[in-house]
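The values are calculated or read from the model by the stated rules, or taken from the named source; none is laboratory data. In this text, all values refer to a predicted model and were calculated from it rather than measured experimentally. Glycine gets a Cβ as well: all are built from the backbone with ideal geometry, and neighbour counts include every protein chain shown.
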Amino acid sequence: MPFPSPTSPGAAGGTGSRARVLLVSTNTERQPYPVVPNGLAAVASSLDRAGHDVRLLDLCFARSPVTAAADAARRFSPDVIGVSVRNIDNSDAVALRHYTPEAAAVVRALRAAAPHGCRLVAGGAAFGVAPEALFAELDVDYAVAGDGERASVALIAALAAEADPGVIPGLVRSSDGAITFTPPGEDADLDSLPAPSLARWVDLKRYQRHGATVPVQTKRGCVYRCVYCTYRNVEGFGYRTRSPALVADEIAELRRDAGVRHVDFVDSTFNSPPGHAIEVCEELARRRLGVQLDTTNFTPATVPRELLSAMRAAGFRTLGITAESASDTVLDRLEKGFTAAKAREVAERVERAGIRALWIFLVGGPGETDATLEETLSFAAWRLRRGDAVYLTVGLRIYPGTTLHRIALAEGVVGASDTLLSPSFYFSPALRFESAIARLRRFAADHPRFMFSADSRSAILPFLTRAASVLHLPRPHWRYMGLFQRMARAVS
C-alpha cells in the first residue's frame, strides 16, 4: 500500500513519501543498571531529518513489553516498524539471560497489531553479530546490520516509493527463498549525521534514577583484534572519528536539555587513537561544561603521558579499564595488545593522575590455568588495596565470526552448523569450572569491592542503584560496590 504524500518539503529527502515510523527498543535488561538506547535515538533523528513521522517506544521500563508494543502499534498505525535488538544475551555463563526469545515475542505482537501492509524492519547491535540467523529467528521483512542511520533512511525511502530496496549496505532480506546479506559499509563521515538528541527521544531522567549513565560516542570502529570481541563485526575495522567540537556540542545539549551531569563514553576503546581522545578532552576542558566524564572502555595498550592529564582536566575522575587478564600467557592468547607489566604501569599512572579505576577481567579464556588465574587475582588484590574496584566475568561467550569462534570450532566446543543464537561459552580445558568458581567465591568474601558479573543479577541491586541515584550519590555507582555487596548479602 502506498504511503501518504509528504507534508513537508524535506520529507524522505525531498523526493519520496512521508512514512509513519514506529521505532521500538526491545532491551529490558536493568541489571546492574539499564542502558540508554543511544543507537535507536540516532536512527530516529536521521529518519526525522528525512521528513518521516517518527515515534520511539522504549520498552525498558514497561510492565508488559508485549502489551505495550501491541498498544503502540494499534494507536500509531505505522507504515514501518523498526525493532532494535541490542544483545543476543548477557554473555554470562554463571547467570545466563537469553534476550532473543523476548525480542521475538515483541515482534510477534507488533506483527499481529500492526495495520495491513506495515513492514517490520529489525536492527541494532545484535544484527552486527549474527545478521542472517537473527533475521530468520525474528521473521521480519528486512533487517539492517552495522550503521543504521543512512541505511534505514534509504530502506524506508524505497519502501515508501514501493520500489525494490536494491543493494543497501547492511541490508538483510529474503530473496527467492534465500536470505541475502549485503555487508555494511563503513561510513567515514559521521559528522554529517544528526546528533542523537537523546533528550528528545528517551526519558533520560528515568534512566538516571535507575542508575544509568548517559552514553556518547566519539568514534566508531576498532583496530584491536581481541579474540572474543564483536566490535569489528558491528562497527568495522579502523576508526571513524567525530569532530571534538560536535562531541562537545552533544554533551552541552544534554547538559542544557536534560540536566545531565555525568556522561559515559561508549566507544569501543575511548583512548584509541590517543590523539583523538586528547583532542576531545582538550575541547571539553576549554568549554567547561560542568559534566563529569567516564568510560568503561579504556585499554592499557596505548596511554601516552599527556592523555591522563588531559582526561583529568576534562572531567574524568573514574574510568573502567578492560584488562581482561593479568597473565601474559592469557593476554597473548586473547590478543589484547599489551602485557601484564604494561597493565601494572598504567595502573600506577592512572592512580597518580587522581583517577579511580574499575578493573574488568575475563576468566576462562584460551590458555587459562589455575596459575594464570592466581596471577590475575594477585593483580586484582593489589588494585583493591589501592582503592580501585574489580568486575569479573567467568567464561567467554562465543560469537560468530570471531577468532574465538574459530578456536572453539577447532577444539570441538561448537559445531560448524551452530548459529550461536543459543549462547555457547568457551572455558579453558586446563581449568575446572567448579573449582574456579569456588576460588573466586573465596576471593570475593575477602574483598568487598570485587564483584562477579553474576552478582550483578542480585534482585536487590537495582533497588540499591536507584537509591544511590535518588540520594544523588556521586557516580559511577560501582564506587559503592562494597556497600552494595554487604547490603545484598544481608537481605539474601
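Would you mind stating whether G146 is in contact with a helix residue (DSSP H, G or I) (Cβ under 8 Å, 6 or more places away or on another chain) and farther than 20 Å from R86 by Cα? Judged against the criteria, G146 is not a match. Applying the condition of being in contact (Cβ under 8 Å) with a residue 12 or more places away in the chain and assigned to a helix (DSSP H, G or I) to segment 267-277 and asking which residue is surrounded by the fewest Cβ atoms within 10 Å (Cβ to Cβ) yields P274. In this structure, P169 does not satisfy being in the same structural domain as G39 (by TED's automatic domain parsing), out of contact with any strand residue (DSSP E or B) (no Cβ under 6 Å at 6 or more places or on another chain) and modelled with pLDDT of 95 or more. Across segment 366-375, a minimum of one residue is classified as surrounded by fewer than 21 Cβ atoms within 10 Å (Cβ to Cβ), polar (S, T, N, Q) and on the phi < 0 side of the Ramachandran plot. Within segment 96-123, the set of residues being farther than 14 Å from D139 by Cβ and either touching a Leu at 6+ places or on another chain (Cβ under 7 Å) or surrounded by fewer than 16 Cβ atoms within 10 Å (Cβ to Cβ) (or both) comprises L96, R97, H98, P115, H116, G117. Across segment 333-347, a minimum of one residue is classified as out of contact with any strand residue (DSSP E or B) (no Cβ under 6 Å at 6 or more places or on another chain), of a type in the set (A, V, I, L, M) and surrounded by fewer than 18 Cβ atoms within 10 Å (Cβ to Cβ). In segment 260-276, the residue that is modelled with the highest pLDDT out of those that are small (G, A, S) and under 19 Å from the mean Cα position of the chain (by Cα) is S272.
Does segment 426-433 contain any residue that is at pLDDT 95 or above and in a strand (DSSP E or B)? Yes, the conditions are met somewhere in segment 426-433. Can you pull out the residues in segment 322-332 that are touching an Asp or Glu at 6+ places or on another chain (Cβ under 9 Å) and either touching a residue at least 40 places away in the same chain (Cβ under 8 Å) or surrounded by 20 or more Cβ atoms within 10 Å (Cβ to Cβ) (or both)? Scanning segment 322-332 gives S325, A326, S327, T329, V330, L331. Scan segment 383-396 and tell me whether some residue there is under 27 Å from the mean Cα position of the chain (by Cα), more than 27 Å from N87 (Cα to Cα), in a helix (DSSP H, G or I) and in the same structural domain as N233 (by TED's automatic domain parsing). Taking every residue of segment 383-396 in turn, at least one turns out to be under 27 Å from the mean Cα position of the chain (by Cα), more than 27 Å from N87 (Cα to Cα), in a helix (DSSP H, G or I) and in the same structural domain as N233 (by TED's automatic domain parsing).
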